[in-house]
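Trainee: First, the structure itself, so that you have it in front of you.
The values are calculated or read from the model by the stated rules, or taken from the named source; none is laboratory data. Small disclaimer: the values here were computed from a predicted structure and weren't measured. As a convention, Cβ positions derive from the backbone with ideal geometry for all residues, glycine included, and neighbour counts pool all protein chains shown. The accessibility values were calculated without ligands, DNA or RNA, using every heavy atom of the protein model including side chains. Shrake-Rupley method; radii C 1.70, N 1.55, O 1.52, S 1.80 Å.
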Amino acid sequence: MNSTASEVLAFIKENEVKFIRLNFCDLFGVQKNISIMADVLPSAFEHGISFDAHSIRGFRDVTESDLFLIPDPASLMVLPWRPGPGRVARFYCDIKNPDGSVYAHDSRALLKKVTAHAEKLGYVCKIGAECEFYLFKTDDDGEPTATTLDKGGYLDIAPLDRCGDIRREICLILEEMGITPQTSHHEQGPGQNEIDFKFDDALTSADNLQTFKSVVKAIAARNGLFASFMPKPLPDAAGSGMHVNLSIAQNGLNIFKNIGEGHSDIAESFIAGILEKTPEITAFLNPLANSYERFGNFDAPKYVSWSHQNRSQLIRIPAAFGEKTRMELRSPDPSLNPYLSFALIIAAGVDGIEKKKALPPAVDADLYTADKSVTSRLVLLPDSLENALSLARNNDFIKSVIGEDLLYKYITLKEAEPKNKEHYFNII
């Protein structure tokens, strides 16, 4: 064990942590965990904890069912809503084969691989996710209903906003866990909310997003509510997006310059790469049939385009300064696997840099109301999961990032899963 693991073991003992959750996610971003007692943690660091990979969707078949979870010491967090005695901590884990090699379809490992490649080229990508969610009331059995907690709208306050106490509780818990909330507010839909936390490196941001979703669900349940990250839970209300904000640093400096100074060539090529590849990777950014009900209304994009500040675009450059200067990809939704999605987004940007792609002209128009003379020249995002999967199938770029076998597995499982919203309402 390295010194970091030793320090973690000392922390666990000093803080009387008794239970350890070893977290990971399946191919589609659904969180899983195994709990172990604290005295088993040294063995987990050294040898891993085995689990039945055949029982995890998208992993292995029954003939090679053993995989091992190796806790990442840097990901230690104590769960504030499970206080002592018997405190609970959690780690995110690397997934290894029995021989100690990296499991090829571990999406967290794939993100590490992509970020390592970018760093070899001299670039560090920073990501901040803006994740929206709905709060629904539950029935007498604790099952979610279709009744939202309130009828509030964008930036409303009490009494229209009845979600404020829940958001505050979530923010305080996140802060205790070392995830810094920056803004929180009521969103457009009834019972819809958004909490934004500070950007970080790609792996930490993906881990933090998974933590955020688990905290939201835990605090909602503790208050007799159900939190849903379904992209479009209500047919006539705003969908829940997950805008992905990205910047890239070179030699420690953010190369997304202030808008008034113009963009650097590298930043423009990074944006161009993501703009070009987004239709191809949409099956990963928007992985449910329900995802496509969101596109084209309530500030969700429909076309492949970019502009400054304009919220009708796929990519916008927000009005910001200094380290907060960035691009915002507006198509993804919260049902994605953040490790796979961030890996593909970053790889697309890096591909743009390596090939010195030119950024097309900005589209400075409201694309929800624009004339066909404007929109007819633009590429459409896929309008269904079937079309998105068709674009991804046999795609050489995606194969180069996640591998041919994983792409085939992802598409095959997506084609076979139920398409009805009700199947996912209690899951996502």
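Trainee: Go through 113/421; 113/355; 96/399; 32/421; 126/277; 112/419 and tell me which ones have a Cα-Cα distance over 25 Å in this structure.
Mentor: 113/421; 112/419
Trainee: Any idea of the accessible area per residue across the chain, 1.4 Å probe, to the nearest Å²?
Mentor: 43
Trainee: Let me ask something else about it. So what is the calculated 222 nm ellipticity per residue for the chain, using -39500 (n - 2.57) for each DSSP H run with n of 4 or more, over all residues, to the nearest 500 deg cm²/dmol?
Mentor: -10500 deg cm²/dmol
Trainee: Considering only DSSP beta bridges whose two residues both sit in the stretch 9-105, what percent are antiparallel, to the nearest 5?
Mentor: 75
Trainee: Quick one: check the C-alpha center-to-center distance for the stretch 169-189 versus the stretch 283-303, whole angstrom.
Mentor: Value for the Cα centre distance between the two parts: 25 Å.
Trainee: Rank 211, 369, 325 by mean-square fluctuation in a GNM of the chain with C-alpha springs under 10 angstrom and give only the top-ranked residue.
Mentor: Of 211, 369, 325, the most mobile in the Gaussian network model is 369.
Trainee: Now a separate question. For the chain, what is the relative contact order in percent, using Cα pairs closer than 8 Å and at least 6 residues apart in sequence?
Mentor: It rounds to 15 percent for the chain.
Trainee: So for the stretch 171-316, averaging the separation of alpha carbon pairs under 8 Å that are six or more residues apart and normalising by length, what relative contact order in percent results?
Mentor: The normalised contact order for the stretch 171-316 reaches 14 percent.
Trainee: Can you list the trypsin sites (Lys or Arg not before Pro) in the stretch 386-428 that are in a DSSP coil and have 16 or fewer other beta carbons within 10 angstrom?
Mentor: Those that pass, being in a loop and sparsely packed, are 393, 419.
Trainee: Taking the Cα centre of each part, how many Å lie between the stretch 353-428 and the stretch 86-146?
Mentor: Cα centroid to Cα centroid, the span is 21 Å.
Trainee: Could you work out which residue, out of 328, 16, 293, moves most in a Gaussian network model of the chain, that is, has the largest mean-square fluctuation with Cα springs under 10 Å?
Mentor: 16
Trainee: Let me make sure I get this right: for the stretch 163-304, a, b and c are the square roots of the gyration tensor eigenvalues over alpha carbons, sorted descending. Under 1.5 in a/c it's rounded, otherwise prolate if a/b > b/c, else oblate. Which is it?
Mentor: oblate
Trainee: Probe radius 1.4 Å, ligands and nucleic acids ignored: give me the carbon and sulfur share of the accessible area of the chain as a rounded percent.
Mentor: On the chain, the fraction of accessible area on carbon and sulfur atoms equals 50 percent.
Trainee: Relative contact order, percent, of the stretch 282-428 when contacts are C-alpha pairs under 8 Å separated by at least 6 residues?
Mentor: Normalised by residue count, the contact order of the stretch 282-428 is 30 percent.
Trainee: From the P(r) of the stretch 273-428, could you give the percentage of C-alpha pairs in the tail past 22 Å?
Mentor: 43
Trainee: Sticking with this structure for a sec: Sort 282-291, 377-386 by the packing proxy (mean of other Cβ within 10 Å over each peptide's residues), most packed first.
Mentor: Sorting 282-291, 377-386 by mean packing, highest first, produces 282-291, 377-386.
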